[in-house]
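Participant: Dumping the structure here so I can ask a few things about it.
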Amino acid sequence: MDKKSIEALMTRFEETGVTGPGNPRVKAIVRRLVTDLMLAIEDLDISSEEFWIGLNYLGDAGKRGELGLIVPGIGLEHFLDLRMDEAEAKAGLTGGTPRTIEGPLYVAGAPEVKGEARLDDGTQPGELVVMGGVVRDAKGNPIPHAKVEVWHANHLGNYSYFDQSQSAFNLRRTILTDENGRYKFRSIMPVGYSVPPGGSTDILLQQLGRHGHRPAHIHFFVTAEGQRKLTTQINIESDPHLWDDFAFGTREGLVPPVKTNSDAAAMTALGTDKPFYEIEFNFDMQPAKAEAPVTDFDRPRAAA
């Protein structure tokens, strides 16, 4: 079928079984997506068998809870970030810490701590890391009482809540900045990890001739009154997949230096006899602006 025939078919679909006006926005989106799918079926000569294999694949991915992993894996989540960058630029917003993907592993409700926190529960191995910095507004002024939500994987690349062997909210906290806008936390250095072997994401990536590895990283939500919510993550500079992230999460400006601190007094203060890592990273916020799309939006997220 040609494009004109497909458009006529879509019109017939929309005029059949009508019970009311419906939702204009939903109708427009469905029409466009179904039309584009039909055109793709024609252009690529997708067989009925291939169509049903694809549909069943998505159903299985949903049952496995991997749709939120496939979206970044095929680049759609990064695409949404780039669209938001463009929208902010059109609204006159420039600068600020780069955003990057949220991923599917956030859990709402992490314990709230003022100023400084320890993320790990002390039961798992890993190299000690201390990270801190300042949350600032667009003019460089520190923002007291900003909320810094942080979460990351353990030494095996697993996240608490999804990994039931870890304690509740291990490697997850909500830190409120102090009067000087500072936050600080102690944790264990995360490692890179891969998509579940044999899972839906792995199956698709193999068909695409791609790997499913992510570099070591630490996730953040940063929120403050009068500021746009920032969703971002920092990546660990030594990871071999730093610029080869299957989820396209690495961006310029999000790879801070990782320093080694071997000062005896500093080690004693942390209760360790080994050198530890230090990361300094400031978050630069953008002011709330009505002309720009919201950055604090609903999407399916876990809550404990």
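Participant: Restrict the check to the range 251-266 and report whether at least one residue is in contact (Cβ under 8 Å) with a residue 40 or more places away in the chain, in contact with a helix residue (DSSP H, G or I) (Cβ under 9 Å, 6 or more places away or on another chain) and among the small types (G, A, S).
Facilitator: So far as the range 251-266 goes, no, none of its residues is in contact (Cβ under 8 Å) with a residue 40 or more places away in the chain, in contact with a helix residue (DSSP H, G or I) (Cβ under 9 Å, 6 or more places away or on another chain) and among the small types (G, A, S).
Participant: Still on this structure, I have one more. In the list G17, G54, which residue meets the criterion of being free of Cβ contacts under 8 Å to residues at least 24 places away in the same chain and at positive phi?
Facilitator: Testing whether each residue is free of Cβ contacts under 8 Å to residues at least 24 places away in the same chain and at positive phi leaves just G17.
Participant: Could you tell me which of the residues G103, G59 is assigned by TED's automatic domain parsing to the domain that holds A224 and more than 30 Å from T268 (Cα to Cα)?
Facilitator: One residue alone meets the criteria, G103.
Participant: Considering Q233, Q166, which residue is not aromatic (F, W, Y) and not in a loop (DSSP other than H, G, I, E, B)?
Facilitator: Q233
Participant: Restricting attention to the range 161-201, which residues are among the hydroxyl-bearing types (S, T, Y) and either out of contact with any strand residue (DSSP E or B) (no Cβ under 8 Å at 6 or more places or on another chain) or within 24 Å of T260 (Cβ to Cβ) (or both)?
Facilitator: S165, Y183, S187, Y193, S200, T201
Participant: Within the range 10-30, identify whether any single residue is out of contact with any Lys or Arg (no Cβ under 6 Å at 6 or more places or on another chain), within 30 Å of W243 (Cα to Cα) and surrounded by 12 or more Cβ atoms within 10 Å (Cβ to Cβ), and answer yes or no.
Facilitator: No - not one qualifying residue is present in the range 10-30.
Participant: Of the conditions (1) at pLDDT below 95; (2) under 21 Å from V134 (Cβ atoms); (3) not aromatic (F, W, Y), N235 fails just one. Which one is it?
Facilitator: Failing condition for N235: (1).
Participant: Only one residue in F220, F169, F162 is at pLDDT 95 or above and within 15 Å of G132 (Cβ to Cβ), so which one is that?
Facilitator: Checking each option against the conditions leaves just F220.
Participant: Is it the case that F221 is in the same structural domain as R182 (by TED's automatic domain parsing), of a type in the set (F, W, Y), in a strand (DSSP E or B) and touching a residue at least 24 places away in the same chain (Cβ under 8 Å)?
Facilitator: The answer is yes for F221.
Participant: Can I ask one more? So in the range 183-201, with the set limited to residues that are surrounded by 20 or more Cβ atoms within 10 Å (Cβ to Cβ) and more than 28 Å from T123 (Cβ to Cβ), which one is nearest to the chain's Cα centre (by Cα)?
Facilitator: T201
Participant: Could you check the range 38-151 for strands (runs of 3 or more DSSP E) lying wholly inside it with 3 or more residues that are crowded, with 19+ Cβ neighbours inside 10 Å?
Facilitator: Where strands (runs of 3 or more DSSP E) fall fully within the range 38-151 and carry at least 3 residues being crowded, with 19+ Cβ neighbours inside 10 Å, they are 128-136, 147-151.
Participant: Restricting attention to the range 260-294, which residues are touching a strand residue (DSSP E or B) at 6+ places or on another chain (Cβ under 7 Å) and polar (S, T, N, Q)?
Facilitator: Across the range 260-294, the qualifying residues are T260, N261, T272, N282, Q286.
Participant: For S187, which of the numbered conditions (1) touching a helix residue (DSSP H, G or I) at 6+ places or on another chain (Cβ under 9 Å); (2) of a type in the set (S, T, N, Q); (3) more than 30 Å from V294 (Cα to Cα) fails to hold?
Facilitator: (1)
Participant: If we scan the range 78-96, do we find a residue that is touching a helix residue (DSSP H, G or I) at 6+ places or on another chain (Cβ under 9 Å), farther than 30 Å from S5 by Cβ and among the small types (G, A, S)?
Facilitator: yes
The values are calculated or read from the model by the stated rules, or taken from the named source; none is laboratory data. Source: prediction; values computed, not measured. Virtual Cβ from ideal backbone geometry, glycine too; neighbours counted across all protein chains shown.
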